[in-house]
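Report on one structure; see the data block that follows.
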Amino acid sequence: MDGDQVEKMVLTKDGRKTAVDKECDGEEKKSVESKVYMDYNATTPMAPEVIQTVTEAMHEAWGNPSSSYTAEATFVPVSKITGQVEVDDIIAAIRPTTCLVSIMLANNETGVIMPISELSQQIQILNQNRMALGLPRILMHTDAAQMIGKGRVDGQDLGVDYLTIVGHKFYAPRIGALYVRGPGVTTPLHPMLFGGGQEWNFRPGTENTPMIAGLGKAAELVNKNCEDYEAHMKEVRDYLEKRLEASFGKQRLHFNSQFPGAKRLCNTCNFSVWGPGLQGRMVLSHCKTLLASVGAACHSEKGDQPSSILLSCGIPYEVAQNALRLSVGRDTTKEDVDVIVEDLKQSVAQLEQNRVT
């Protein structure tokens, strides 16, 4: 080429690079020489359809997806009377675009058991009407972490599509499992990770055989002995609540997990001792024997702020601030209860004495 011409390379749609001569008068003409791009492992051109989608998103979806006003989900509050999420409220919140309803089977702080079976039945009826209108089927998920080992759990009876299992809540290793009704066939299931073909291509990675075996054995124990476990824990829990009431009096004690008409876990007691300076964390910090928590460990970063779960159930702020959650186990005895109730009495007395002096 002479000085009046320059050469540039153009990447065509089929991945070829073509040399183009640009003359001084602005006219372009392709040279005979053409180069073939074979470095697709390094990078690929965007497909025309992708370019169109990106362009549309830049025009229409420019908002911050993490902003608080963005609604990826609809949250339905629990009833301040029963502590349960009400079936009618869930049904009323469903929109044409709704594809999944997710509710825990039993709350980890109050122990209140949610009406999952009733809700599943209502959603099945709703799905029949939605299919006729060409709307997507609504799938049901429940987190059964707190319920397994403390009451009967049957995915078929619950009528759910997905059910979460957490081992360390029922004397198993810290490993979980997901029950899926007809995985990938009746119920959609897509891998979040990709690689090997383990677990029917749903989750790659070598299976942790010892932990899986431990989870299976723990589930077997629950299946054989659940009624006995449940009866024992309920007896000890009820004894605990009677001893607390006798020790602190009905005027000072508030049970945060007792709601009329609602079922609750057999082992859970959430309560507050009324009085200034008796926040749950303060009471526990002065206990010498009792090891417990003010609520869910996954929300422990909130400090002395009351549990949002208790507040949503209608528990007054100043009562929720003093909340303690005691949960008994298979081996907890009434003698253990006597010891920790005395420990709580001494802790409260010390805090009150410190406040006066």
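The values are calculated or read from the model by the stated rules, or taken from the named source; none is laboratory data. Small disclaimer: the values here were computed from a predicted structure and weren't measured. In this analysis, Cβ positions are derived from the backbone assuming ideal geometry, glycine residues included, and neighbour counts consider all displayed protein chains. What goes into the accessible areas is simple: the full protein's heavy atoms, side chains included, and nothing from ligands, DNA or RNA. Shrake-Rupley method; radii C 1.70, N 1.55, O 1.52, S 1.80 Å.
How long are the semi-axes of the ellipsoid equivalent to the range 77-124, from square roots of 5 times the Cα gyration tensor eigenvalues, in whole Å, largest first?
20, 11, 10
In whole percent, and with a 1.4 Å probe on the protein chains, what portion of the accessible area of the range 214-357 is carbon and sulfur?
51
Describe numerically, in nm with one decimal, the distance between label points set 7 Å from Cα along Cα→Cβ at Lys334 and at Val76.
4.2
Please express the shape of the range 181-273 as an equivalent ellipsoid: the semi-axes are the square roots of 5 times the eigenvalues of the C-alpha gyration tensor, given largest first in whole angstrom.
Semi-axes from the Cα gyration tensor: 43, 17, 13 Å.
Quick one: Karplus J couplings for the range 192-204, per residue in order, coefficients 6.51, -1.76, 1.60, θ = phi - 60°, nearest Hz, x for Gly and Pro?
Listing the rounded values in order: 8, 10, 10, x, x, x, 5, 6, 6, 6, 8, 8, x Hz.
Which shape class applies to the range 149-223: rounded if a/c is under 1.5, otherwise prolate when a/b exceeds b/c and oblate if not, where a ≥ b ≥ c are the square roots of the Cα gyration tensor eigenvalues?
Since a/c reaches 1.5 but b/c is at least a/b, the shape of the range 149-223 is classed as oblate.
How big is the gap, in Å, between the Cα center of the range 323-351 and the Cα center of the range 204-259?
15
Past 21 Å, Cα to Cα: identify those pairs from Lys242/Lys334; Lys234/Lys334; Lys234/Lys263; Lys150/Lys263; Lys217/Lys263, in the order given.
Those over the limit are Lys217/Lys263.
Starting from the eigenvalues of the Cα gyration tensor, five times each then square-rooted, give me the equivalent ellipsoid semi-axes of the range 66-182, largest first, whole Å.
Ellipsoid half-lengths, sorted descending, are 25, 17, 15 Å.
Heavy-atom accessible area per residue, the range 208-312, 1.4 Å probe: how many Å²?
So the range 208-312 comes to 55 Å² accessible per residue, rounded to a whole number.
Could you provide, to the nearest whole Å², the per residue accessible area of the range 42-172 with probe 1.4 Å?
Value for the range 42-172: 58 Å² per residue.
Tally Lys/Arg at +1 and Asp/Glu at -1 over every other residue whose Cβ is under 15 Å from the Cβ of Asn129; what's the total?
+3
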